[in-house]
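Novice: Before I ask anything, let me first share the structure, which is written out below as structure tokens.
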Amino acid sequence: MSVMLVSMSDDKEEVSTRGAEVEAAFDEEEVVPPLSSQELTNARVELAARCKSAGLTLEERSQTEHPPSLRLGMKCGRDFRWLSFGSDEGIARVLSIPFEKYVFLGDYEAVCSYQEGIVEAAIRAHTQGFMPSSYQFRRLFDNLGRPDSFDMGSVSLIVDPPEAGMPRIEISPASELFGKLLRSPARVRLTLKLTNCRISNHDQALALLNRTANSLFFQIDLLSDVALMLERERRRSTVSTRPAKTPDLTNDLQYPTTEFDDAPLSLYWYGRSAFGMPLLQFLAFYQVIEFYFPTYSKAEAQRKLKAILKDPTFRGDRDADIGKLLSTIYISRSGAFGDERSQLRATLMECVDSSTLRSFLEADDNRREFYSTKGKDALYHKIPLSNPTADLRNDAADRIYDIRCRIVHTKNDSRDGELDLLLPFSAEAQKLSVDIDLVQYLAQAVLIAGSTPTRRNP
């Protein structure tokens, strides 16, 4: 096996293969002469014929006050990745590449050709504080001391296989075809290229990409302290389901009359800042609630103890009755009473109003539909929103506790069963937005309940 760090600045032909930075609409970056009416007709006919021959879907979409547009459904496993043509010239541009030979891989910004044995995927550096990706790429290519000489468009890192039958690995600027098939930002884009691959289906190619990238990037991290990752598909961000608020701060804002504990409020702001990291967001808001477990679980334990001791049938010399007392006053390492699920339930029962919680869950059509749909998220406890008389606080507690266990993968509650770990970049993690809204709302309620009057002389 050999590793080469190559500068391509003197090789004009190689430099010309850099990714043409073209948006998915194929109409923003590259300047092409306008097509005549006949040329446009011919281009549409050719595109339709090539799509039909390759078994690809080509749809025409009507647009209000605009001419109809086309979108091309590229194969991506059992699904499709849609490419929209924002202008007619974009049709001619995509016809210049053999798009029929390529498929997309998973939810990555990655393409693959089974015929040519090629896999190409966009890469980026993990965010490290405020350090930009370009700085980290300079570290990767050992040009920190010479920023003026660094040209990301002319670098190439090549790792040859140790034996025949294994793919060749290369990190270099995106190919022209890659730039035309995927959304390309207004910067040079680096991609991981695997050539001479023996692949015949989507899952095989995706597994090869993941396996190679994980091993290569971990080794690069150890050698250079630069953490790389495969870029994921640029989807529309899953935003909060809460209706946009339009407050009149001039009239509504009041002088602060309450103050909050520093630790849980810090966790709350951490959750608010963790945009694009759903698991971190969820756990941060959950930890806000968890901070108050000792306070509210104690009150719950006191009520249970009083009820047991007031029972006329209670006998202090009977082991079963003593066992009831012991289970009630079980103290966790955090100083809270009972197991974590019961602590969460106790905290929400103390801090959250049942009718207000229902109003929150029903306030938005998307949220109401999400929690009302049968069979959705079968791994998590269902919230019986359709039952108008149900107190939803314990159900909400059980649901967010189920998700919390999937994230941290603990099984200290016998009701959890065998849970699969919820991975950070999984499709399931990206669908947590509605539940993140819920746990954020509950964290706010608990913070408010745990607040104290503002001190006059801090």
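Values in this text are rule-based calculations from the coordinates and carry no lab data. None of these values were measured; they are calculated from a predicted model. With ideal geometry, Cβ positions are generated from the backbone for all residues, glycine too; neighbour counts draw on all protein chains shown.
Novice: Using Cβ contacts closer than 10 Å as the measure, can you line up 266, 37, 297 from fewest to most?
Specialist: 37, 266, 297
Novice: Now for a separate question. Estimate the FRET efficiency between residue 275 and residue 52 by the formula 1/(1 + (r/R0)^6), using the beta-carbon distance for r and 45 Å for R0, to the nearest 0.05.
Specialist: Details: r = 42 Å, r/R0 = 0.94.
FRET efficiency, residue 275 to residue 52: 0.60.
Novice: In addition: Which value in nm describes the separation of the simple spin-label points at residue 210 and residue 364, placed 7 Å from the Cα toward the beta carbon?
Specialist: With each label point 7 Å from Cα toward Cβ, the separation is 3.0 nm.
Novice: Moving on to the next point. Between residue 456 and residue 39, what is 0.36 nm times their sequence separation minus the Cα-Cα distance? Round to one decimal in nm. Working shown, then result.
Specialist: Numbers: separation 417, 0.36 × 417 = 150.12 nm, distance 7.72 nm.
Full extension from residue 456 to residue 39 adds 142.4 nm.
Novice: How many nm separate the modelled label positions at residue 134 and residue 428, each set 7 Å beyond the Cα in the direction of the Cβ?
Specialist: Those two pseudo-labels are separated by 4.0 nm.
Novice: Hey, rough spin-label estimate for residue 444 and residue 420, points 7 angstrom out along Cα→Cβ, what's it come to in nanometres?
Specialist: Spacing of the two 7 Å Cα→Cβ label points: 3.3 nm.
Novice: Hey, another quick one. If packing is taken as the average number of other Cβ atoms within 10 Å across a peptide's residues, how do 432-440, 151-159, 380-388 rank, most packed first?
Specialist: 432-440, 151-159, 380-388
Novice: Packing-wise, with mean Cβ within 10 Å as the measure, how do 394-403, 447-456, 198-207 rank, highest first? Before the final figure, lay out the partial values.
Specialist: On the way: 394-403: 21.3, 447-456: 12.5, 198-207: 16.0.
Order by mean packing, descending: 394-403, 198-207, 447-456.
Novice: Further, regarding this structure: Going down the table (75/382; 52/180; 101/431), which pairs top 28 Å between alpha carbons?
Specialist: The answer is 75/382; 101/431.
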